[in-house]
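Asks: Mind looking over this structure? Questions follow.
None of the figures in this text is laboratory data; all of them are computed from the coordinates on show. Note that this is a predicted model, so its numbers are computed, not measured. As a convention, Cβ positions derive from the backbone with ideal geometry for all residues, glycine included, and neighbour counts pool all protein chains shown.
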Protein chains: 2
Amino acid sequence: MPADLWPDPTALGLVTDLYQITMMAGYAANAMADKPAVFELFVRRLPKNRSYLVFAGLEQALRDLLRLGFSDEQVSYIRGLPAFRHVPDAWFKQLRDFQFTGDVWAMPEGTIFFGGETLLRVEAPLAQAQLAETFLLSSLAYPTLVASKALRCVQTAGSRPLFDFGARRGHGPQAGFLCARASYLAGFAGTSHVEAARRLEIPAIGTMAHSWIQAFPNELEAFEAYARVFPDSTTLLVDTYDTLQGVRHAATIPQAHAIRLDSGDLGPLAQASRTILDEAGRSEMTIVASGDLDEWKIRDLIATGAPIDAFGVGTELITSRDAPALSMVYKLVAVDGQGRIKLAPGKKTYPGAKQVWRRLDSVGRFAGDQVTAAYETADGIPLLQQVIAQGHLVGDLPDLQSIRTYTLAQGRALPENFKGLDAGPAYPVSYSQALEEEAIRVGLTTG
Amino acid sequence: MPADLWPDPTALGLVTDLYQITMMAGYAANAMADKPAVFELFVRRLPKNRSYLVFAGLEQALRDLLRLGFSDEQVSYIRGLPAFRHVPDAWFKQLRDFQFTGDVWAMPEGTIFFGGETLLRVEAPLAQAQLAETFLLSSLAYPTLVASKALRCVQTAGSRPLFDFGARRGHGPQAGFLCARASYLAGFAGTSHVEAARRLEIPAIGTMAHSWIQAFPNELEAFEAYARVFPDSTTLLVDTYDTLQGVRHAATIPQAHAIRLDSGDLGPLAQASRTILDEAGRSEMTIVASGDLDEWKIRDLIATGAPIDAFGVGTELITSRDAPALSMVYKLVAVDGQGRIKLAPGKKTYPGAKQVWRRLDSVGRFAGDQVTAAYETADGIPLLQQVIAQGHLVGDLPDLQSIRTYTLAQGRALPENFKGLDAGPAYPVSYSQALEEEAIRVGLTTG
């Protein structure tokens, strides 16, 4: 059978664009591979419908950065590519011995951030910092998309719990893991993804599919059979045939704790279901809704008073459907101590290592950010912290529960006018005078 | 450090929704786990902007289905979940010994298909077939999205080669592998994803990033340095500072084969670049364009006569941005020889095992499909073929080159009126009279 496509976490060096490898060889050939370089990762512009983003995926990205390397087979493959035939043998040996030995600064996972703000800074020998580009982008952008979408749902749902039901709709099986973690850290209550729940030690959620109902001679028998096996956690899926008839069936099951609505017009169905359950003396039973839900549908259901107690969010969450990609980039900002910029239309960058400062108002809410040169100080809290020094983690990374607590606090500290679901006012982000002057200075001597 | 989120291909059983596991235990408790069941996988409706889809991801899905299993740690985890405390010990032993022993029929990878058509059918003991649901959906839907988007690009670009540049924009690092394969099988010429190219034995494509240019004192030195190391494959990225000045610099590099434009208004820039190159006597140099390209932008560039020789497609391809999810479902259609259906609004299904027949016109083009019961015969070619029998592959699966050849032939056999980039007429798909009658018969006795 041909190639297996599961990534090998012990040989992630080639999980990248070819040009990173050609540039590494090219830097070596030009005696530049070990020049000190600074790269910064940021999102150019927020997607439409986003007035903030939540930084996520850092833990896995750092773990993988520290083990980034190449197997013998991978090095042999590169050596065999026609383009590399003029590259000296010694370089391939270096590639086999590759290890990341640089420094990394980053915003803590769960930090709310805005367009143009440095999220992560790599200071490392040029070839090492270069290799990290594709890997860091593919590791950080997606969890950030999901965490951002998830926090929007959480802020909309208020006290009603949300569950990640996305596993089957992810862009490949790995996405399910990443989505479970990113949504949990942004306040979701649990996930249906069992292996993610197991590894992350977070709640695993789930009961039955339509196939369970269909496998029995009729719906009532299916409900009864389920309740016998799982008397403590009986949520009954009621929409396989006739939804309200399903609710009546569910109301007869003593062990039932909840019903799940997964199709149809959820608001009216929830109202009718609530009435049926209450009239059957089952006021204690709750109603879970799912089925193509997103933050706007949740908002509308709540606004119309639909008696829904919890929401399952799947496709819209795991694909971040309304914004499935970020303009996240990783740009060289200095080499050998000299600032570097890019002047391409719409893609201007600022030179040099940076820090991001967040001012808080008198009640602890975000009042504006300033991006400065790393050597400057400014009002507020410096958001970038060193997480890797000379190829080793600086202290322990926070655990997932701590990240979740921090993310939810970030959500509360965001002023109300930036919490709207549709594009709202832009949060104020300014650049220091030193950065603006440096950009002009470097720009005049570049090209 | 906390949990590592790379999937373990040897223990994929829990890479699923929790309810698959609860249902497996429930079926066992009700002496139904071994009842013969038939599940079918299909896409309910084509996404907007799609008049066809390309089935992809089958090879990896079958490989993984045959090794689907549970580690000791995973079984212990399930045993420890509160919901499972009434489940007898013997069942956990069975879970540890899980192996897929059923039969699978599927359309060949690369087949063009339409809404409502069975793509894959699992006939297996009920519990086994149930477990496969989440896994099959998360393995097949995403490659199908990418292959479909890719074939649209290929049909638009005609003879101009297309390259997958998506790696950094995927939903996690695994997506890059899946995208590279799915786009290649639909006719892309290669990928920038090195590890995917290595494993799949397909062309790896790439040259330099803006950081290469920025790392040197000026653009011309950067170009010269690159050409010295890679004289045989010198494509120069010209838009780091002033694009047309970059083209002039590139024209002075004897080893340069091509330039790459990655920003700005690509049509006029390509025209101006072509003029500069030609006037410099470099008519042999080609122009590669990239930067947020999709099938519509490629169409418009070609329509306006932009002299672009090849396209790199990244974000739009790997996220299938205009359609990032499919309504792909996996539904129980029979158990114990009895047809099963679902009646939920907008989610009606037909009972029983099915076949899909494709009629061809006199010149070999698709003339209409009919879905029938599996025991029926109809005009045309039966698209579902048995690929697994009693838990073993039936013969060898086709290699990637064969799949690619088949997919491109499928694309040529699709009538022109279904090739439009925007929603066009619906391709004719009918259901046999036997299926319609059976649906009514089962419907009358269901609920």
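Asks: Taking a 20 Å limit on the Cα-Cα distance, which of the listed pairs A:Lys149/A:Lys342; A:Lys331/A:Lys354; A:Lys48/A:Lys347; A:Lys48/A:Lys419 fall beyond it? Before the final figure, lay out each step's value.
Replies: Working: A:Lys149/A:Lys342 30 Å; A:Lys331/A:Lys354 12 Å; A:Lys48/A:Lys347 18 Å; A:Lys48/A:Lys419 14 Å.
Among A:Lys149/A:Lys342; A:Lys331/A:Lys354; A:Lys48/A:Lys347; A:Lys48/A:Lys419, the Cα-Cα distance tops 20 Å for A:Lys149/A:Lys342.
Asks: Just how many % of Cα pairs in chain B lie over 40 Å apart, if you round to the nearest whole percent? The partial results should precede the final answer.
Replies: Working: 29731 of 99681 pairs.
That tail contains 30 percent of the Cα-Cα pairs.
Asks: Can you list, shortest first and in nm, the gaps between the label point of A:Arg45 and those of its counterparts in the other copies, using a point 7 Å from Cα in the C-beta direction?
Replies: So the label point of A:Arg45 gives 3.1 nm to the other copies.
Asks: Near A:Asp4, within a Cβ-to-Cβ distance under 15 Å, what is the net charge of the other residues, with Lys and Arg +1 and Asp and Glu -1?
Replies: Details: positive: B:Arg63, B:Arg67, B:Arg181, B:Arg198, B:Arg199; negative: A:Asp8, A:Glu73, B:Asp8, B:Glu59, B:Asp64, B:Glu195, B:Glu201, B:Asp399.
Once all neighbours under 15 Å are counted, the net charge is -3.
Asks: Put a point 7 Å out from Cα along the line to Cβ at A:Gly443; what are the distances to that point in the other copies, in nm, shortest first?
Replies: 6.6
Asks: Among A:Ala132, A:Leu185, A:Thr349, which residue has its Cα positioned farthest towards the positive end of the charge dipole of chain A, with +1 placed on the Cβ of Lys and Arg, -1 on the Cβ of Asp and Glu, and the dipole taken about the Cα centre?
Replies: Towards the positive end, the residue furthest out is A:Thr349.
Asks: Once you've got the GNM for chain B with C-alpha springs shorter than 10 Å, pick whichever of B:Gly166, B:Gly110, B:Gly26 has the biggest mean-square fluctuation.
Replies: B:Gly26
Asks: Taking a label point 7 Å out from Cα toward Cβ, give me the nm distances from B:Leu244 to the same spot in the other copies, shortest first, one decimal.
Replies: Spelled out, the distances from B:Leu244's label point are 7.0 nm.
Asks: Quick one: B:His171, B:His249, fewest Cβ neighbours within 10 Å first, how do they rank? Walk me through the intermediate numbers first.
Replies: Values: B:His171 32, B:His249 24.
If I rank by nearby Cβ atoms, fewest first, I get B:His249, B:His171.
Asks: Taking other Cβ within 10 Å of each residue's Cβ, how do A:Phe311, A:Phe84, B:Phe230 sort, fewest first?
Replies: Numbers: A:Phe311 27, A:Phe84 19, B:Phe230 23.
Arranged by neighbour count, lowest to highest, A:Phe311, A:Phe84, B:Phe230 become A:Phe84, B:Phe230, A:Phe311.
Asks: Under a 5 Å amide H to amide H cut-off, with H placed in plane at 1.01 Å, what residues pair with B:Ser327 once short-range neighbours are removed?
Replies: Residues meeting the amide H criterion: B:Arg44, B:Arg45.
Asks: Which of A:Asp265, A:Asp322, A:Asp369 moves most in a GNM of chain A, Cα contacts under 10 Å?
Replies: Residue with maximal mean-square fluctuation among A:Asp265, A:Asp322, A:Asp369: A:Asp265.
Asks: Something else about it: What percent of all Cα-Cα pairs in the range A:148-318 falls in each 10 Å bin, counting up from 0?
Replies: 11, 38, 36, 15, 0
Asks: Using θ = phi - 60° and the Karplus form 6.51 cos²θ - 1.76 cosθ + 1.60, what ³J(HN,Hα) does each residue of the range B:207-222 get, whole Hz, x for Gly and Pro?
Replies: 9, 9, 9, 4, 4, 4, 4, 5, 6, 9, x, 7, 5, 4, 4, 5
Asks: Give the order of A:Thr377, A:Thr16, B:Thr304 when sorted by the count of other beta carbons within 10 angstrom, beginning with the fewest. Could the numbers behind the result be given before it?
Replies: On the way: A:Thr377 9, A:Thr16 29, B:Thr304 12.
Final ranking by Cβ density, sparse to dense: A:Thr377, B:Thr304, A:Thr16.
Asks: Taking the C-alpha atoms of the protein assembly as shown, how large are the radius of gyration and the largest Cα-Cα span, Dmax, in Å?
Replies: Answer for the protein assembly as shown, Rg first and Dmax second: 27.8, 87 Å.
Asks: When the helices in chain B are scored as -39500 (n - 2.57) per DSSP H run of 4 or longer and the sum is shared across all residues, what 222 nm value do you end up with, to the nearest 500 deg cm²/dmol? Don't jump to the answer; show the numbers that get you there.
Replies: Working: 15 runs with 169 residues, N = 447.
Taken over chain B, the calculation gives -11500 deg cm²/dmol.
Asks: Between the range B:365-392 and the range B:1-74, how many Å separate their Cα centres?
Replies: 23 Å
Asks: Treating the angle as unsigned and between 0 and 90°, give the value, to the nearest 10°, between the Cα long axis of helix A:173-185 and the longest Cα principal axis of chain A.
Replies: Compared with the principal axis, the helix lies near 80 degrees.
Asks: Just add up the charged neighbours of A:Ala251: K/R +1, D/E -1, any other residue whose Cβ is under 12 Å from the Cβ of A:Ala251.
Replies: Values: positive: A:Arg248, A:Arg274, A:Arg282; negative: A:Asp278, A:Glu279, A:Glu284.
My count for the surroundings of A:Ala251 gives 0.
Asks: Under a Cβ-Cβ cut-off of 14 Å, what is the net charge of the residues other than A:Gly443 that fall near it, where Lys and Arg count +1 and Asp and Glu count -1? Kindly include the intermediate steps, with their values, before the conclusion.
Replies: On the way: positive: A:Arg340, A:Lys342, A:Lys347, A:Lys348, A:Arg441; negative: A:Glu436, A:Glu437, A:Glu438, B:Glu219, B:Asp242.
Residues near A:Gly443 contribute 0 overall.
Asks: Which of rounded, prolate or oblate describes the range B:318-369 when judged by the alpha-carbon gyration tensor and an a/c cut-off of 1.5? Walk me through the numbers before you get to the answer.
Replies: Numbers: a/c = 2.70, a/b = 1.18, b/c = 2.29.
Oblate, because a/c is 1.5 or more while a/b does not exceed b/c.
Asks: Hey, in the GNM for chain A with a 10 angstrom Cα cutoff, which one of A:Leu151, A:Leu360, A:Leu131 fluctuates hardest?
Replies: Comparing A:Leu151, A:Leu360, A:Leu131 in a Gaussian network model of chain A, the most mobile one is A:Leu360.
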